[in-house]
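Here the structure is laid out as structure tokens; the discussion comes afterwards.
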Amino acid sequence: MFLIPFSNVGASSVVDDILMLQPDVSQEQLMADVESIVSNTGMTENEVLDQIYSELKNNQEKGMTEQAALQKKGNSTFGGSGGTVSVGSSTKGNFYYTPSETAYLDHGHVGLYYASTTIVESVPSDGVRQISTTARKVDSSGAVVKSVSTSTTNRNNAANWAYSQIGQSYSYNFATNRLTGHDGAKNCSKLIWSAYKLHGNLDLDVDGGLGVYPRDVRDAPGTVLVRNI
């Protein structure tokens, strides 16, 4: 069990702040991930914790800005379900982004087109699932469809790999999900990031931090706007 010593007051405070931003991740899981990063990178424990917290706060601030813009338009955001507008069809290998709240946190949400009318995505209620584009409804404000600038082969293989993950459980860990295994439990951004990392060696993460969040995928270099939803 990896617990912060009471004598390390600074680290303990940062751990508490991180867990407040990721309430469904246990301290034991967080610290196990931190220790693994320390071993593999040479960073100190405090450096890892500070970076995790900084990325979470940055994502939170982006979410607050996004929410404020939506509220001005009279819109709200949704997580695994909800909304009034279907994402619509698109090309295999494209992905959609929508503002959303998942597990009480505003991380946004992404899903990958496995076929023109089929989405593969990971949501808390089901884990990795497939859903038709007609059934997958989102809030129209702020939702977009984007393509990834790579070969058709990479796009098809990435989508096929994501489809092969259907049935895997959901992970609430965004903060260090770049460094966890590609197989097993995963959240929505990890699913797409892993798909293109494995098939094309592409890094769909705008800042290359310890965690890849849905807005990181949306804003990643090599992604191109197809349309607003």
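The values are calculated or read from the model by the stated rules, or taken from the named source; none is laboratory data. Just so it is clear, the model here is predicted, and its values are computed rather than measured. Glycine gets a Cβ as well: all are built from the backbone with ideal geometry, and neighbour counts include every protein chain shown. Quick note on the areas: whole protein, heavy atoms, side chains included, nothing else; ligands and nucleic acids left out. Shrake-Rupley method; radii C 1.70, N 1.55, O 1.52, S 1.80 Å.
Residues that are modelled with pLDDT of 95 or more and not in a loop (DSSP other than H, G, I, E, B) were ranked within the range 121-143; the one that is most open to solvent (accessible area, probe 1.4 Å) is Q130. Annotation note: of A175, A195, A185, the sole residue that is in contact (Cβ under 8 Å) with a residue 24 or more places away in the chain, part of a loop (DSSP other than H, G, I, E, B) and closer than 18 Å to D219 by Cα is A175. Listed by position, the helices (runs of 4 or more DSSP H) contained in the range 1-101 that have at least 1 residues being at pLDDT below 85, among the aliphatic types (A, V, I, L, M) and under 23 Å from G111 (Cα atoms) are 45-72. Within the range 87-120, being surrounded by fewer than 24 Cβ atoms within 10 Å (Cβ to Cβ), of a type in the set (G, A, S) and farther than 22 Å from G63 by Cβ holds for G88, S89, S90, A115, S116. Using the structure shown, decide if T152 is exposed (fewer than 15 other Cβ atoms within 10 Å of the Cβ), out of contact with any helix residue (DSSP H, G or I) (no Cβ under 9 Å at 6 or more places or on another chain), over 28 Å from L56 (Cβ atoms) and modelled with pLDDT of 95 or more. Yes, satisfied.
Consider A195 carefully, then state whether it is buried (at least 23 other Cβ atoms within 10 Å of the Cβ) and either modelled with pLDDT of 95 or more or of a type in the set (D, E, K, R) (or both). So A195 fits the description; yes.
When T180, T176 are checked against the criterion of being at pLDDT below 95, touching a Leu at 6+ places or on another chain (Cβ under 6 Å) and under 17 Å from D33 (Cβ atoms), a single residue qualifies: T176.
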